[in-house]
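Data block below; observations after.
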Amino acid sequence: MPRRGVAHVRGGIGQIAAHLVEAVRAHGGQALMRQRVTSVERRPDGAWLIRTHRKGEFIADDALFNLPPWDAGRLMADDAPDSLRRAQRPADGWGAFMVYVGLDGGALSLDTPLHNQVLLRQPFGEGNSVFLSLSLPDDPARGPEGHRALTISTHTDLRSWWSLFESDRPAYEARKAEYTERVLAAAEIALPGLRSAARLILPGTPVTFQRYTARSLGWVGGYPQTSLFRAWGPRVAPGVWLVGDSIFPGQSILATALGGARVASAVIAKTTASSPRAAALPQRLRARPSVIE
Ligand SMILES: Cc1cc2nc3c(=O)[nH]c(=O)nc-3n(C[C@H](O)[C@H](O)[C@H](O)COP(=O)(O)OP(=O)(O)OC[C@H]3O[C@@H](n4cnc5c(N)ncnc54)[C@H](O)[C@@H]3O)c2cc1C
């Protein structure tokens, strides 16, 4: 990233997922939407039985979890390997408070930088520092004509949101409104006139993150990068793999893509060597597993 700089995905970050889905389907795979995995059980023959909330059932030689280790362990319940059963969220982990803004594009000049950081005071996070990412001026997928999308984020402690959410809902809502104002005020330093140009303002707390990503408590960011050895290795037990920001090299789209490609190569290489299911793989993947890198 330091060498190549920050990149912006036209159409929004979901386009990456959309392209991956296309690739999976083009290679004869299935991608199912809005279907949450509810359990992963070991069958007597050693394969995995994966159930979804829509009563889907799938048999697999290998199960790959795109989840933090403790959430993966919860899905496996009694069949979870010890390491997943013992896994705990790190005490120094973070959540994110977000404000999603739909803006009147006329309020911004076309050369406004797309990425900004505002660092107001230490300690950073909790609205004392915010990151801003603005959609391209000519990207019709990000908003109605003449409008632009802005996402603003700040790191935030998880527990305080959850204790208010669970014990005092009005105080939770009040804190959300206060953080929204704090974050918008900080963002306005980089984008003067932001609040008067805003046509839509949607805040999101760690509670929101849990709802949309199924990460318990809305934990984000992977293991804080205080040591190279904190992240998990991808192979947890025979036929059980992790991908995503809990495994090396950690968080970011680039890092999770790199980790995922390494896991895919390893699974394909293993599958090619051992399983009759390998016959279903396209020839080029069987012959050269590293092709997907
Ligand atoms: C505020 C914020 C800003 C960021 N900005 C950037 C940035 O600018 N650039 C960058 O590179 N990175 C950024 N990141 C980091 C990046 O978003 C993460 O590193 C990345 O999303 C982690 O990917 P993942 O696949 O591990 O997890 P996720 O993105 O959480 O993906 C896991 C997926 O699995 C699905 N899922 C969960 N449980 C189940 C289940 N039981 N059944 C079916 N599906 C399930 C979830 O719905 C989710 O779609 C940012 C992160 C945050 C929080």
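The values are calculated or read from the model by the stated rules, or taken from the named source; none is laboratory data. All values derive from a computational prediction rather than experimental measurement. Every residue, glycine among them, receives a Cβ derived from its backbone with ideal geometry; neighbour counts consider all protein chains shown.
Count of region 195-225 residues, restricted to those that are out of contact with any strand residue (DSSP E or B) (no Cβ under 7 Å at 6 or more places or on another chain) and more than 16 Å from the ligand (Cβ to nearest atom), is 2.
Every residue, every condition in (1) without any contact (Cβ under 8 Å) to a residue 24 or more places away in the chain; (2) over 18 Å from Trp94 (Cα atoms); (3) in contact with a Phe, Trp or Tyr (Cβ under 6 Å, 6 or more places away or on another chain), yes or no:
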residue: Val118; (1), (2), (3): no, yes, no
residue: Glu145; (1), (2), (3): yes, yes, no
residue: Arg148; (1), (2), (3): no, yes, no
residue: Arg182; (1), (2), (3): no, yes, no
residue: Leu194; (1), (2), (3): no, yes, no
residue: Gly204; (1), (2), (3): no, no, no
residue: Phe209; (1), (2), (3): no, no, no
residue: Pro224; (1), (2), (3): no, no, no
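Of the numbered criteria (1) touching a strand residue (DSSP E or B) at 6+ places or on another chain (Cβ under 8 Å); (2) part of a loop (DSSP other than H, G, I, E, B), the one Leu49 fails is (2). Of the residues making up region 233-263, those that are of a type in the set (Val, Ile, Thr), touching a Phe, Trp or Tyr at 6+ places or on another chain (Cβ under 8 Å) and outside any helix (DSSP H, G or I) number 3. Looking only at residues in region 126-149 that are of a type in the set (Gly, Ala, Ser) and farther than 29 Å from Arg175 by Cβ, the one that is farthest from the chain's Cα centre (by Cα) is Gly146. Among the residues making up region 169-206, those that are of a type in the set (Ser, Thr, Tyr) and crowded, with 17+ Cβ neighbours inside 10 Å are Tyr172, Tyr179, Thr180, Thr205.
What do you reckon, is Arg85 over 19 Å from Val263 (Cα atoms) and either outside the structural domain of Ala269 (by TED's automatic domain parsing) or not in a loop (DSSP other than H, G, I, E, B) (or both)? It is true that Arg85 is over 19 Å from Val263 (Cα atoms) and either outside the structural domain of Ala269 (by TED's automatic domain parsing) or not in a loop (DSSP other than H, G, I, E, B) (or both).
Here is the figure for region 1-17: residues that are surrounded by 12 or more Cβ atoms within 10 Å (Cβ to Cβ) and more than 12 Å from the ligand (Cβ to nearest atom) total 3. Only one entry of Val21, Val37, Val118, Val9 meets the criterion of being over 23 Å from Ser246 (Cα atoms) and modelled with pLDDT of 95 or more, and that entry is Val118. In this structure, Leu132 does not qualify as part of a loop (DSSP other than H, G, I, E, B), within 11 Å of the ligand (Cβ to nearest atom) and on the phi < 0 side of the Ramachandran plot. Of everything in region 254-275 that is within 13 Å of the ligand (Cβ to nearest atom) and not aliphatic (A, V, I, L, M), the residue that is nearest to Asp45 (Cα to Cα) is Gly260.
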